[in-house]
Amino acid sequence: MLIEVNGSEDRKVIEMTHIEIDRLLSCTVDELIALVEPMSADNCEHYTRTILGRIGGPSFEQVMTRIVETAVPKDGDRPPTHSDAYYFAVCDLFPHVKRDNDVVGRLVFLATYMATLRLEKHHTTLQART
C-alpha cells in the first residue's frame with residue numbers, strides 16, 4: 001500500500017523503500033551481504049523495524065534483548081561467533097513464521113550488523129577519549 005503525502009516526490013520515496021525491503025527479503029545471501037555492508041547502523045535499524053512491522057511479532061527491543069543476551073553469555077564465556085546461535089536465540093519469538101522462510105534470519109543479520117556497527121563506533125569513541 002502506498003501513501004501519497006505531499007505529491008509525487010514523496011510517493012517515489014515510499015515506493016523505493018518498499019522495493020528495497022522486497023529486495024532485501026528476496027535476494028540471494030551474497031546480494032544481501034552486498035546490500036547491507038554499506039549501510040549505516042541507523043539504516044539497519046530502520047530496515048529491521050520495517051521487517052518486524054511486516055511480519056509481526058515481538059518488538060524491536062525484545063529482539064535486540066535476545067541478541068545481546070546471546071552475545072553476553074551468563075557463564076562468562078565468549079560470545080558465539082556463528083550466526084546460527086543468534087538466529088536460534090531469536091526464532092522462537094516468531095512462532096507464526098515458518099522455519100523454511102528465511103525472513104527471521106535476514107532480520108537477525110540486519111539487527112546484529114546494526115549492533116556491531118554501534119559497538120564499533122562506541123569503542124572508537126572511547127579510544128579517542130583516552
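What follows draws every value from the coordinates through simple rules; no lab data is involved. This one's a predicted model, so the numbers in the text were calculated from it and none came from an experiment. Positions of Cβ are generated from backbone atoms using ideal geometry, with glycine treated the same way; all protein chains shown enter the neighbour counts.
Annotations for the structure displayed:
- Counted charge near residue 63, where neighbours are those whose Cβ lies closer than 12 Å (Asp, Glu -1; Lys, Arg +1): -2
- Overall shape: oblate for region 36-105, with the ratio a/c of the largest to smallest alpha carbon gyration tensor axis at 1.5 or above and b/c at least equal to a/b.
- Surrounding net charge for residue 72, when Lys and Arg each add one and Asp and Glu each subtract one, Cβ distance under 15 Å: +1
- Cut-off 15 Å between beta-carbons: net charge of the residues surrounding residue 31, Lys and Arg +1, Asp and Glu -1: -3
- Between the alpha-carbon centres of region 53-113 and region 21-48 there is a gap of 16 Å.
- About its Cα centre, the dipole of region 38-130 is roughly 180 debye, where the only charges are +1 on Lys and Arg Cβ and -1 on Asp and Glu Cβ.
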